[in-house]
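Engineer: Got a structure for you, questions after.
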Amino acid sequence: MAYETGPGANGPGRNRPGGTRPEANGPRGSAPGTTRVKAAAALVLGWVALLWVLEFADTASGHALDTYGITPRDPAELRDIVPAAFLHFGFDHLAANTVPLLLLGFIAAISGIRCFLAVTAVIILASGLGVWLFAPGNSLTAGASGVVFGLFGYLLVRGFADRRPLYVIVGLVVAFFYGSMLWGVLPTASGVSWQGHLFGLLGGVLAAFLFRTRRGPAPVEGLRR
């Protein structure tokens, strides 16, 4: 139980249950929710901007960065699992990932930046390892598609893992708008890494349970031992 202490021993504010100082909510009393939304937006916009900068650099260098894609079952290629998630094979490839990455990433990041970064790390590793293990031997895979599918899977099941009705509703809305993505985990199109999609999705589901934050019963105000 929180207590606010005033400037004097017997001054106002001493031993006032549940009190908080104005600056506790950020500069000039800014709402924590607003700060969290701004941080989430800045992070996701910065991330997507980095992807575009990298693709411009790749094009200018004659696609030299494409070598950081994943070649399956080569032990030396394990180090490319992370950079491959930030690279694309052309601007059309990147443009197709940009909007869902912005929307799904922003929704996921609102809940907390540290959790979002941990979730994304699990998705990147799961998607990359899936490609490394199961993609055709003569292929080269890169792109943020696995992350997009992972964020979709994370948002879809997070509410059930956390047992929070609001997150369940968010998941249903995401499913309504992006449910057709699930066809992408099937080997129906040549030149598309369904392995990255499938294992990214599974990584997102795994992350939802690894980082679940169930809330216990609310404390009863006024009770002290």
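Engineer: Among 183-195, 153-165, how do they line up from the highest to the lowest mean number of other beta-carbon atoms within 10 Å?
Structural biologist: 153-165, 183-195
Engineer: Any idea what Rg and Dmax come out to for the range 86-140 if you just take the C-alpha atoms, in Å?
Structural biologist: According to the Cα coordinates of the range 86-140, Rg and Dmax are 13.6, 40 Å.
Engineer: Rounded, prolate or oblate: which fits the range 144-209, taking a ≥ b ≥ c as square roots of the Cα gyration tensor eigenvalues, rounded meaning a/c under 1.5, else prolate when a/b beats b/c?
Structural biologist: Note, shape of the range 144-209 comes out prolate.
Engineer: Pop out the ³J(HN,Hα) list for the range 108-115 in order, Karplus 6.51 cos²θ - 1.76 cosθ + 1.60 with θ = phi - 60°, rounded to Hz; leave Gly and Pro as x.
Structural biologist: 5, 6, 4, 6, x, 5, 4, 5
Engineer: Which order do the peptides 95-104, 121-130 come out in when sorted by mean C-beta neighbours inside 10 angstrom, highest first? Present the calculation step by step, with values, prior to reporting the outcome.
Structural biologist: On the way: 95-104: 16.9, 121-130: 23.3.
Peptide ranking by packing, descending: 121-130, 95-104.
Engineer: As an exercise, identify the trypsin sites (Lys or Arg not before Pro) in the range 64-150 lying in DSSP coil whose Cβ has no more than 15 other Cβ atoms within 10 Å. Intermediate results must be reported in sequence, preceding the final value.
Structural biologist: Working: sites: 73, 79, 114; in loops: 73.
Filter output for the range 64-150: 73.
Engineer: In the calculated pair distance distribution of the range 88-225, what percentage of Cα-Cα distances lie above 19 Å? Walk me through the intermediate numbers first.
Structural biologist: On the way: 4804 of 9453 pairs.
I get 51 percent for the Cα pairs in the range 88-225 exceeding 19 Å.
Engineer: Karplus couplings for the range 152-167 from phi (6.51 cos²θ - 1.76 cosθ + 1.60, θ = phi - 60°), rounded to Hz, Gly and Pro as x?
Structural biologist: Running phi through 6.51 cos²θ - 1.76 cosθ + 1.60 with θ = phi - 60° gives 4, x, 4, 5, 5, 10, 4, x, 6, 5, 7, 6, 10, x, 4, 5 Hz.
Engineer: Once phi is turned into θ = phi - 60°, what whole-Hz ³J(HN,Hα) does the Karplus curve with 6.51, -1.76 and 1.60 give for every residue of the range 187-192, x standing for Gly and Pro?
Structural biologist: Once rounded to whole Hz, the list reads x, 9, 10, 6, x, 10.
No lab work stands behind these numbers, since they all come straight from the coordinates. Just so you know, these numbers come straight off a predicted model, no measurement behind them. FYI the Cβ positions are ideal-geometry reconstructions off the backbone, even for glycines, and counts take in every protein chain you see.
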